[in-house]
Amino acid sequence: MTTPAKRSLRRGLSVMTLLAMASLAAGPAQALSCLAPDVARSFDEAAQSDARYMVLLGTLDRGTPTVPERDLSNNSPEVVRLPALVKGLAMTEKGFSSGVEAQITMELGCTGPWCAQLPENGDVLAFIELTNNGPILRVNACGGHLFANPTKEQVARLESCQIDGCPVEDGAVGDSPAATPEIAPEVTPESDTK
């Protein structure tokens, strides 16, 4: 024998089940799926690329820009370009050893309607592409070329990648010791007159 409370509970569960099924049938859900950012994977991507990179351990100062509000219904939003200043040490064959201070362009890109967030000023580990139009730090919705507040472990892993190559781990794409980004810390080195 069912009590009125049990009948009410069953009706409530049935209604909730129907609502859940209706929400699934309403249309495909969209979500962005990203691999967790990994310094070794970023190093390998830079090494495998035809582009030249500067791997920088230092600080990012992007000032206090105003970024336009994004229209989430737009599946092809424009890339936002902002000036920034980076200071620190560029990776060379000897690790992070070449002083650099450079004006760069920071590009906040999108993957469909999902866009990169404006990075905070502060300590970074960055893979900066060296182009004919100047150095560019490309940041996308999944991250990967900019690591805020890098850990000692991340720095040590990159230095190991520079010497031995990066093992395939956490979705890294290569393991060749010869796969090293073409680095050019001489882009705008700090003055030796300090």
So LEU146 ticks every box in (1) modelled with pLDDT under 90; (2) farther than 16 Å from GLU93 by Cα but one. Which box is left unticked?
(1)
What number of residues within the range 118-137 satisfy the criterion of being modelled with pLDDT of 95 or more, under 21 Å from GLU78 (Cβ atoms) and under 14 Å from the mean Cα position of the chain (by Cα)?
3
Inspect the range 20-32 for any residue being polar (S, T, N, Q), modelled with pLDDT under 75 and in a helix (DSSP H, G or I) and give the result as yes or no.
yes
When you check CYS115 against the structure, is it in contact with a Ser or Thr (Cβ under 9 Å, 6 or more places away or on another chain), of a type outside the set (Val, Ile, Thr) and crowded, with 16+ Cβ neighbours inside 10 Å, yes or no?
no
Which numbered condition VAL173 misses (of (1) part of a loop (DSSP other than H, G, I, E, B); (2) open to solvent by less than 70 Å² (accessible area, probe 1.4 Å); (3) at pLDDT below 95; (4) more than 16 Å from ILE104 (Cα to Cα))
(2)
What number of residues within the range 44-97 are among the aromatic types (Phe, Trp, Tyr) and under 11 Å from LEU125 (Cα atoms)?
1
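The values are calculated or read from the model by the stated rules, or taken from the named source; none is laboratory data. Because the structure is a prediction, the values reported are computed rather than measured. Methodologically, a virtual Cβ is constructed for each residue, glycine included, from the backbone with ideal geometry; neighbour enumeration extends over all protein chains shown. Surface accessibility is based on the protein's heavy atoms, side chains included, excluding ligands, DNA and RNA. Shrake-Rupley method; radii C 1.70, N 1.55, O 1.52, S 1.80 Å.
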